[in-house]
1. FRET efficiency for GLU511 and LEU194, Cβ-Cβ distance as r, R0 = 56 Å, nearest 0.05?
2. Where the centroid of each part is defined by its Cα atoms, how far is segment 447-470 from segment 357-414 in Å?
3. Once you have a ≥ b ≥ c as the square roots of the Cα gyration tensor eigenvalues for segment 380-489, tell me rounded if a/c is under 1.5, and otherwise prolate or oblate according to whether a/b is larger than b/c.
4. Any of LYS372/LYS446; LYS347/LYS417; LYS211/LYS506; LYS347/LYS506 with alpha carbons more than 23 Å apart? Name them for me.
5. Restricting things to alpha carbons, find the Rg to Rh ratio for segment 362-409 using the Kirkwood radius for Rh.
6. How long are the semi-axes of the equivalent ellipsoid of segment 45-196, taking √(5λ) for every eigenvalue λ of the Cα gyration tensor, in whole Å from largest down?
7. I'd like to check one number: the per residue accessible area of segment 146-205, probe 1.4 Å, reported in Å² as a whole number.
8. Using each residue's phi in segment 279-290, evaluate 6.51 cos²θ - 1.76 cosθ + 1.60 at θ = phi - 60° and report the 3J(HN,Hα) Karplus result to the nearest Hz, with x for Gly and Pro.
Amino acid sequence: MLSAPVPSSVPRSVRLAVVLLLSLQAVMIGLTIPRNAPTIDEPYHLAAGLRYWDFSEFWAYHHNPPLTRLVATAPLMILQVPRVHSACEFELHNRGMDAVIRDDFLRLHRRDYMWWLGLARGTGILFALLGGWCVWRWSRELFGEAGGLLSQTLWTFSPWVLAHAGLVTPDVGVTALMIAAGYSFWRYLQSPDLERACTSGLLLGLAQAAKFSAVMLVPVWLLLALLRVGSRRTPAPDGEDGAGLPPLPVRQAAVHAVVVTITSLATLNSVYLWEGTGERLGAYPLRSPSLTHPASTGDDVRVSIEPERVNRFQDTLVGQIPVPLPWHYVVGFDDQLWDLESRLFYKSLRGELRTGYEPGWWYYYLYGMLVKTPLGTLALWGLAGLLMLRSRNRRDLLTELSLLLPVIVILTSLSTKTNLNCHTRYVLPAIPFLHVFAGRIGPWMKRHRWRQGVAVVLLVATAGSVLRVGPDWLAYFNEAAGGPTQGWRHLADSNVDWGQGLIPLKHWLDEHAGDEPVYLCCFTAFEPEQLGIEYEPLDPDDARPGLHVVSATLLAGVPYPVPSGAYCSQVVRPNQFVRYQALTPVGVAGGSVFVYRVDEETAASLRNAPPYDPG
């Protein structure tokens with residue numbers, strides 16, 4: 001079994017390498033900020049964050065907690081960005097108000113919107129740096145200097161991080177806070193004391209205030225704590241203390257558990273300014289299937305397509321218990337759970353489109369990790385897994401579980417919710433735990449020069465694969481999947497095309513379009529006119545000669561409301577644009593927007609194409 005490296009002063013060369021890796025990642029993320037057009041969710045997050053600051057209420061876009069939005073919009077508040085708020089109020093289960101808030105800020109800043117968005121995006125670099133620092137520190141403590149640098153290199157060149165850290169979304173924020181919390185709790189398990197319990201509780205509360213997925217740490221920590229209470233030293237032959245951790249008394253563990261709980265709850269409630277804390281569990285107006293049941297109809301025999309549902313705890317003893325959580329945290333969690341369990345969302349995998357009423361794929365997120373993670377990184381994860389099978393490369397059980405249990409819980413919980421097979425970014429919080437897990441290759445490779453060669457080759461392969469795609473990392477797919485231009489054949493939506501390609505498209509059109517007419521249909525919530533793109537709406541049933549622009553999500557067949565000019569929108573039908581799959585694009589902008597040069601003959605074939613038949 002690996003012996004724990006004794007923490008000591010960090011060599012100057014290692015400090016320099018850490019700073020260089022952090023700086024390199026910051027630069028790479030910075031390159032995406034002016035490159036990416038607003039993605040589908042960003043205008044909601046940005047406007048909601050400003051409203052939180054102005055009104056100290058948290059109902060806007062409450063199906064995500066507010067912390068990362070507050071951080072992102074803090075620079076805008078400091079600079080006193082002009083803003084206007086419609087006289088809108090919270091309406092239960094009505095997200096139309098979120099769109100009103102979004103549109104207020106969009107219309108007010110039609111010319112300078114990208115400037116303010118870019119300023120808010122820059123705060124995501126701070127979360128990425130926090131995550132990188134925690135990955136390095138944890139891996140270094142477990143596997144020494146070589147292991148720490150290997151893990152940090154994987155984080156630095158992670159396309160998942162590079163793609164999302166430069167966006168006003170909570171994914172990298174919650175990922176960084178979850179790895180920070182996980183590292184803190186592991187240190188507590190190694191040497192339990194009150195200070196480390198408080199730190200762990202603080203970070204857990206911050207992670208939960210960033211995104212609901214952080215709640216997955218709670219059962220993981222509970223299991224680890226129970227195992228820690230049951231841990232015992234193995235006596236050494238000479239009578240001295242042997243391997244293992246010293247016993248943790250049950251009373252001390254119970255006190256620390258209370259401290260972690262109270263600290264995390266106080267932190268979470270403080271972010272929400274204690275808004276609505278203490279409501280009875282049975283009084284919440286819930287709607288997700290897991291937390292409700294059909295209302296009793298009595299003698300009413302009418303059948304409803306969407307039967308009324310009521311809080312399943314409302315008439316129970318448990319329902320009388322006050323909930324020590326903010327009101328909009330609970331209702332927002334239920335709203336997000338409703339998304340995961342409802343049947344409203346189309347989903348696409350490997351060219352197959354399924355409606356909301358069809359089941360998804362339990363392996364969707366595993367498949368997404370396979371095609372959107374560099375092959376070098378996958379190989380290093382696999383090698384680390386093989387090394388763990390040998391006792392000489394294994395750490396103590398609590399350490400191994402601290403790294404692997406979060407990954408298992410995240411992937412298992414996501415794989416059981418197949419109705420929302422749309423966004424593989426939900427697995428992002430598992431990525432840093434796997435990078436730390438791979439750090440065990442560090443001490444292994446130091447024993448033989450050929451092993452060092454293997455590790456270096458795999459790291460270089462990872463970096464080369466990622467750099468070749470940059471800065472369009474949101475559309476990253478590895479070489480086995482065919483690269484970014486083939487991503488739509490595997491996945492859609494935020495996995496490849498989230499609206500980010502409009503700015504690269506503008507640059508392409510400026511260089512290549514000339515006087516040709518441009519017909520456009522793109523998956524975006526942003527108006528192309530705001531970027532200076534002149535176009536006519538594209539309808540393949542009325543195709544005309546010119547440049548036809550189709551983004552990857554629509555090419556994969558997913559329907560969505562899209563801009564149609566003059567700040568109006570149109571609804572794309574399922575599989576309406578799959579007929580373009582047979583054409584060869586003359587350009588690909590941002591890895592996600594495809595440009596076709598269509599002559600009269602091709603336009604006629606598009607108009608006369610038979611309705612799509614999935615076979």
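The values are calculated or read from the model by the stated rules, or taken from the named source; none is laboratory data. Bear in mind that the values here come from a model prediction, so they are computed numbers and not experimental data. Positions of Cβ are backbone-derived with ideal geometry, glycine not excepted, and every protein chain shown enters the neighbour counts. Surface areas here come from the heavy atoms of the whole protein model, side chains and all, with no ligands, DNA or RNA. Shrake-Rupley method; radii C 1.70, N 1.55, O 1.52, S 1.80 Å.
1. 0.35
2. 20
3. Because a/c hits 1.5 or more and a/b fails to exceed b/c, segment 380-489 counts as oblate.
4. LYS372/LYS446; LYS211/LYS506; LYS347/LYS506
5. With Rh from the inverse mean 1/r over Cα pairs, Rg/Rh is 1.03.
6. Ellipsoid half-lengths, sorted descending, are 36, 18, 12 Å.
7. 18
8. Those phi angles translate into 5, 5, 4, x, 9, 6, x, 8, 9, 5, x, 5 Hz.
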